[in-house]
Amino acid sequence: MDDLRVSLVQGATLWHDPDGNRAYYGALVAPLRGKTDLVMLPETFTSGFSNDAIERAEDMDGPTVEWLRAQAARLDAVVTGSVQVANAGGVHNRMLWVRPDGDVAHYDKRHLFRYAREHERYAAGRDRLVVDWRGWRINPLVCYDLRFPVFARNRYDVERPGALDFDLQLYVANWPAPRAHAWKTLLRARAIENLCYVAGLNRVGRDGNGHSYAGDSAVIDFLGQPLSECRDVEVVVTTTLSASLLAAHRTTFPAMLDGDRFTLD
C-alpha cells in the first residue's frame with residue numbers, strides 16, 4: 001500500500017444548474033491532472049441539497065456519469081461525489097465512484113435527513129460500499145451518515161487476520177453552518193474509533209433555500225488530528241495520506257482486536 005493523495009474540492013454549488021455545476025467543478029479540478037489519486041466533490045454537486053431537484057434526477061446513462069468518466073480519465077484519478085439518480089426503486093442520493101478506466105461503483109445514502117424531509121422524497125440505500133483503490137480500502141458515505149457510528153463502524157475482518165474493513169472513510173456533504181461544530185467533532189470521532197483516515201468534504205456559499213455553508217472540509221488522521229482544514233471559501237486542497245504511519249499505529253495500538261462483533265439488518 002503506497003501513500004494516497006486525496007483532493008478536497010470545496011466549492012459553492014450552483015442552485016439547480018447541472019450544466020453550470022459540471023462546468024464550475026470541471027474548472028476547479030482541471031489543475032489536478034497527475035497530482036492526485038482521489039478527487040472528492042460535494043454531496044448533490046449538480047444541484048445543491050434540494051428536495052425539488054428530484055424532478056430532474058438523471059439515470060446511470062445520464063450526462064453526469066459521462067462527465068465523471070471523462071474527468072476521471074483525464075485526471076488519472078478516481079472522482080467521487082453524490083447526485084440524484086432515478087431507477088426502478090425511486091430516486092437515490094447516490095455517491096458515484098468513478099475510476100479512470102470508466103468503471104462506476106456507487107453507494108446510496110442510507111440515512112435520509114428527516115429534519116429536511118429527505119425521507120419523504122428519496123429512497124434509502126441499504127448496503128455499505130467498500131472499494132479498493134491503489135492498495136487502499138475505502139468506505140464512501142454521505143453527509144447525515146456521519147451521525148450513525150454503528151453503520152460507519154470499521155469491523156475487524158476475520159477472513160484477513162489483522163485487517164480492518166477499510167483504511168479511509170469519506171464523507172461528502174451539504175452540512176449547514178449552524179451545525180458546524182457537530183460536523184467537525186464527528187469527523188474526528190469516526191477517525192479515532194475506526195483507526196483510519198477520514199476525509200470530509202462540505203460545500204460553501206448559500207443555497208436556494210437560504211442555508212449557509214461554512215465549508216470546514218478536512219482530512220483527519222487516525223489519532224483525530226487534522227492534516228488539512230479548510231475555511232469558508234472556495235478552495236482545492238490535496239493531502240497525502242501515509243500508509244506506513246497508519247500501519248504502524250494499528251500495530252502498536254490494535255484496538256480493533258477488542259471491538260464488539262455484530263451484524264446489521
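Here are some notes:
- Identity of the residue in the stretch 50-106, assigned to a loop (DSSP other than H, G, I, E, B) and among the small types (G, A, S), that ends up surrounded by the most Cβ atoms within 10 Å (Cβ to Cβ): A77
- Per-region count, the stretch 11-31, residues under 20 Å from G200 (Cβ atoms) and either more than 18 Å from the chain's Cα centre (by Cα) or part of a loop (DSSP other than H, G, I, E, B) (or both): 3
- Residue within the stretch 33-49 that is of a type in the set (G, A, S) and under 14 Å from V172 (Cβ atoms) present: yes
- The set of residues from the stretch 195-254 being at positive phi, within 15 Å of the chain's Cα centre (by Cα) and among the small types (G, A, S) comprises just one member, G215.
- Here L141 fits the description: touching a residue at least 40 places away in the same chain (Cβ under 8 Å), part of a strand (DSSP E or B) and within 22 Å of L246 (Cβ to Cβ).
- Tally of residues being loosely packed, with under 14 Cβ neighbours inside 10 Å, assigned to a loop (DSSP other than H, G, I, E, B) and over 22 Å from the mean Cα position of the chain (by Cα) across the stretch 255-265: 5
- Residue in the stretch 165-185 that is nearest to the chain's Cα centre (by Cα), counting only those that are under 23 Å from V83 (Cα atoms), in a helix (DSSP H, G or I) and hydrophobic (A, V, I, L, M, F, W, C): W183
Conditions tested, residue by residue: (1) polar (S, T, N, Q); (2) out of contact with any helix residue (DSSP H, G or I) (no Cβ under 8 Å at 6 or more places or on another chain); (3) under 25 Å from G26 (Cα atoms); (4) without any contact (Cβ under 8 Å) to a residue 12 or more places away in the chain.
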site: L164; (1), (2), (3), (4): no, no, no, no
site: H181; (1), (2), (3), (4): no, yes, no, yes
site: I220; (1), (2), (3), (4): no, no, no, no
site: V237; (1), (2), (3), (4): no, yes, yes, no
site: T240; (1), (2), (3), (4): yes, yes, yes, no
site: A248; (1), (2), (3), (4): no, yes, no, yes
site: L264; (1), (2), (3), (4): no, yes, no, no
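- Residue pairs whose Cβ atoms lie under 8 Å apart, separated by 6 or more positions or on different chains, with the first residue in the stretch 112-135 and on the phi > 0 side of the Ramachandran plot and surrounded by 11 or more Cβ atoms within 10 Å (Cβ to Cβ) and the second part of a helix (DSSP H, G or I) and not aromatic (F, W, Y), are G135/A243.
- Each residue in the stretch 37-46 was checked for being part of a loop (DSSP other than H, G, I, E, B) and surrounded by 24 or more Cβ atoms within 10 Å (Cβ to Cβ), and 6 of them qualify.
- Scanning the stretch 194-245 for residues that are surrounded by fewer than 16 Cβ atoms within 10 Å (Cβ to Cβ), charged (D, E, K, R) and over 21 Å from G81 (Cβ atoms) yields nothing.
- Complete set of residues in the stretch 96-112 that are under 17 Å from W136 (Cα atoms) and either touching a Cys at 6+ places or on another chain (Cβ under 9 Å) or small (G, A, S) (or both): A105
The numbers here are math on the coordinates, done by the rules we state, and not lab data. All values reported here derive from a predicted model rather than from experimental measurement. Cβ: placed from backbone, ideal geometry, glycine included. Neighbour counts: every protein chain shown.
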